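What follows is one structure encoded as structure tokens, with my remarks underneath.
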Amino acid sequence: MTTDQAAAPTSAETAEFYDTISLVLIEVWDENFHQGYWHDDADDSSNRVAAERMTDLLISKSGLENGGRMLDVGCGIGLSAFQVAEATPAEIVGVSNLQPQIDEANRRAAAKGLSDRVRFEYNDDVLNLGYPDDSFDVVWVFDALLHMPRLETLRELRRVLRPGGRVVWTDKLKNAPMDPADEKAVRDFLRDMAAGPLLDEEQYRALVAESGLELVELLDISTHTARSSVRTIEGVNSKWDDLVARYGADIIPMLEILRTPVGLIKEFGYLVAVGRKTA
């Protein structure tokens, strides 16, 4: 067994966390909450452009050029799903455990004229998605798997995949041994973020194998995403006084979580992974 499941947060804990933090993230980052991808140190792209570039990377791993049916688990307000719909002829279903996100995503789909092939549904149990076996060609879990029991989630995603289908996801990664103090800081941070424990590459490969998926690719892109933490800290510091004035002192613990320097620890990395359901 992988050392992953004991500390995984519940759906209710994750929903409460994102219900609280969403408005703050819009202020200090962008309404597209995903990690950004920067080409190199000279790349000064905005957070929005970098997050959309990350989405493009996942699209390139998904094999949807000729269409197919995709499930977006942890879809938020649908921004990534809309980007997929604009780049491919795929049909997309998004699920979230926050009803306000679902309502807003469906509103935006209608406004974009995409409701015929992009829709969003409430689900508060990622381990019981409610779809029949072999329902989707691709499943995405974009910056959400760390908030779920990874092994059981990957098994459920495999169940709803058609043979030959792909799961494409992102996650945090321990990409080198850490100083004990840094390891404790990361562990405390992940707890505060309603996230599961940090895995290294060996543990991650074992996790995927245990899930029954064939690992197609595990790509460490930490050097391209590190600026996300810098930008978040800068955003919190620049908006601190305004946010405290508007939301009151109760918002301070959340701001402290967001501006923690833990994200600057170089061994606290980021991955893109692709798994396949063998026939």
Quickly run through the stretch 49-77 and pick out the residues that are polar (S, T, N, Q) and either at pLDDT below 95 or surrounded by fewer than 18 Cβ atoms within 10 Å (Cβ to Cβ) (or both). S60, N66
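What do you reckon, is I252 of a type in the set (V, I, T) and touching a residue at least 12 places away in the same chain (Cβ under 8 Å)? Give the steps one after another, and end with the answer.
Details: of a type in the set (V, I, T): yes; touching a residue at least 12 places away in the same chain (Cβ under 8 Å): no.
So I252 fails the test.
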Pairs only if they're at least six apart or on different chains, beta carbon under 7 angstrom, first in the stretch 160-182 and closer than 28 Å to G63 by Cα, second assigned to a helix (DSSP H, G or I) and β-branched (V, I, T); list them, first residue then second. none
Pairs only if they're at least six apart or on different chains, beta carbon under 6 angstrom, first in the stretch 222-237 and at negative phi, second part of a helix (DSSP H, G or I); list them, first residue then second. S229/G263; S229/L264; R231/N47; T232/L258; G235/V28; V236/V28; V236/L255; V236/L258
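P132 - would you say it is in contact with an Asp or Glu (Cβ under 9 Å, 6 or more places away or on another chain), in contact (Cβ under 8 Å) with a residue 12 or more places away in the chain and closer than 24 Å to T278 by Cα?
Considered against the rule, which asks whether it is in contact with an Asp or Glu (Cβ under 9 Å, 6 or more places away or on another chain), in contact (Cβ under 8 Å) with a residue 12 or more places away in the chain and closer than 24 Å to T278 by Cα, P132 comes out as no.
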Sort out which residues of the stretch 263-279 are modelled with pLDDT under 95 and part of a helix (DSSP H, G or I), and write them in order of number. G263
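So that you can scan it fast, the table gives a plain yes or no per residue for (1) touching a strand residue (DSSP E or B) at 6+ places or on another chain (Cβ under 9 Å); (2) closer than 20 Å to H224 by Cα:
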position: A50; (1), (2): no, yes
position: E65; (1), (2): no, no
position: G74; (1), (2): yes, no
position: S80; (1), (2): yes, yes
position: V84; (1), (2): yes, no
position: A87; (1), (2): no, no
position: E91; (1), (2): yes, no
position: Q99; (1), (2): yes, no
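Residues to consider are S96, S60, S80; find the one that is touching a residue at least 60 places away in the same chain (Cβ under 8 Å) and within 26 Å of G275 (Cβ to Cβ).
Values: S96 fails: touching a residue at least 60 places away in the same chain (Cβ under 8 Å); S60 fails: touching a residue at least 60 places away in the same chain (Cβ under 8 Å).
Only one candidate passes the filter, namely S80.
Return yes when I252 is β-branched (V, I, T) and surrounded by 15 or more Cβ atoms within 10 Å (Cβ to Cβ) and no when it is not. Give the derivation first.
Working: β-branched (V, I, T): yes; surrounded by 15 or more Cβ atoms within 10 Å (Cβ to Cβ): no.
Considered against the rule, which asks whether it is β-branched (V, I, T) and surrounded by 15 or more Cβ atoms within 10 Å (Cβ to Cβ), I252 comes out as no.
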Among R162, R191, R158, the single one that is of a type outside the set (S, T, N, Q), over 19 Å from L271 (Cα atoms) and surrounded by fewer than 15 Cβ atoms within 10 Å (Cβ to Cβ) is R191
May I ask you to say which residue of S11, S80, S46 is at pLDDT 95 or above and either aliphatic (A, V, I, L, M) or more than 23 Å from R117 (Cβ to Cβ) (or both)? S46
Failed item, numbered, when L98 is tested on (1) of a type outside the set (V, I, T); (2) in contact with a Lys or Arg (Cβ under 9 Å, 6 or more places away or on another chain); (3) over 29 Å from T223 (Cα atoms); (4) buried (at least 20 other Cβ atoms within 10 Å of the Cβ): (2)
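The values are calculated or read from the model by the stated rules, or taken from the named source; none is laboratory data. Every value quoted in this text rests on a predicted model; they were computed, and no experiment measured them. Ideal geometry is used to build each Cβ from the backbone, glycine not excepted, and the neighbour counts take in all protein chains shown.
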